[in-house]
Amino acid sequence: MTAITGNFKLGPDNGRIVLKTGRAGLAAVAGHDLTIEITGWSAQVEVPDEDAGGVTAATITARLDLGSLAVREGTGGAKPLTDSDRRDIKKTIGGILGDGEATFTSSRIVRSGASGGAIEGTLTIKGKSQPVRLQVTEPQPGKYRGSATIQQTAFGIKPYSGFFGALKLRDEVGVEFEADLNSAGSP
């Protein structure tokens with residue numbers, strides 16, 4: 001990872017956060033694997049100069065608006081995902097997560113090679129906190145991509161289930177992000 005230093009404010013204008021869900025159960029063929037975008041979020045990134053620890057001493061805090069989830073894609077399933085399905089899914093998500101916020105606070109950044117590493121920290125959803133490790137790459141200077149897998153039940157969230165339990169959402173949810181510090185504003 002390159003040594004970009006300074007304070008940066010990120011949001012939907014210079015990054016993207018998506019959730020990837022999968023289905024399970026006897027009726028899994030009827031459901032969809034979903035890509036859900038978090039459209040309301042902000043992050044504060046502080047990267048000190050090399051004398052103060054540089055990238056490994058950076059700190060990241062993020063706020064994710066759980067009421068801003070938007071279903072972007074549904075793959076698989078017995079029939080294509082409709083706009084009505086998207087509205088129903090959003091309503092179901094709201095019933096499960098509410099419209100509060102999730103937060104992430106980094107605790108450590110680990111470099112691995114010239115263009116990768118990990119961000120370790122704490123994710124809090126619905127008042128429950130768990131450690132999370134985001135694997136990060138830097139495909140271009142100042143542009144980052146990362147991913148992690150979280151378990152809903154670790155945060156006290158019961159995965160969605162329908163058709164009397166025959167269609168279930170997998171407990172594991174993929175989280176992916178992209179961020180461009182080059183276009184980020186100062187706080």
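Here are the numbers:
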{"read-out": "Flag if Ala154 is surrounded by 15 or more Cβ atoms within 10 Å (Cβ to Cβ), among the aliphatic types (A, V, I, L, M) and under 19 Å from Thr59 (Cα atoms)", "value": "no"}
{"read-out": "Residue among Leu34, Leu19 that is touching a Gly at 6+ places or on another chain (Cβ under 6 Å), part of a strand (DSSP E or B) and at pLDDT 85 or above", "value": "Leu34"}
{"read-out": "Residue within region 163-173 that is assigned to a strand (DSSP E or B), at pLDDT 90 or above and under 22 Å from Asn14 (Cβ atoms) present", "value": "no"}
{"read-out": "Filter pass, Gly117 being more than 18 Å from Val18 (Cβ to Cβ), surrounded by 15 or more Cβ atoms within 10 Å (Cβ to Cβ) and out of contact with any Gly (no Cβ under 6 Å at 6 or more places or on another chain)", "value": "yes"}
{"read-out": "Some residue of region 110-130 being assigned to a helix (DSSP H, G or I), free of Cβ contacts under 8 Å to residues at least 60 places away in the same chain and of a type in the set (Val, Ile, Thr)", "value": "no"}
{"read-out": "Odd one out for Glu172, checked against (1) surrounded by 13 or more Cβ atoms within 10 Å (Cβ to Cβ); (2) within 30 Å of Ile4 (Cβ to Cβ)", "value": "(2)"}
{"read-out": "All positions within region 53-80 that are of a type in the set (A, V, I, L, M) and either modelled with pLDDT of 95 or more or not in a loop (DSSP other than H, G, I, E, B) (or both)", "value": "Val55, Ala57, Ile60, Ala62, Leu64, Leu66, Leu69, Ala70, Val71"}
{"read-out": "Test: residue in region 141-153 that is over 26 Å from Asp13 (Cα atoms) and either of a type in the set (Gly, Ala, Ser) or modelled with pLDDT under 90 (or both)", "value": "no"}
{"read-out": "Tabulated pairs, region 87-108, first surrounded by 12 or more Cβ atoms within 10 Å (Cβ to Cβ), second among the hydroxyl-bearing types (Ser, Thr, Tyr) and in a strand (DSSP E or B), C-beta under 6 angstrom, 6+ apart or interchain", "value": "Thr103/Thr124; Thr105/Thr61; Thr105/Thr122; Ser106/Thr59"}
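The values are calculated or read from the model by the stated rules, or taken from the named source; none is laboratory data. All values derive from a computational prediction rather than experimental measurement. Methodologically, a virtual Cβ is constructed for each residue, glycine included, from the backbone with ideal geometry; neighbour enumeration extends over all protein chains shown.
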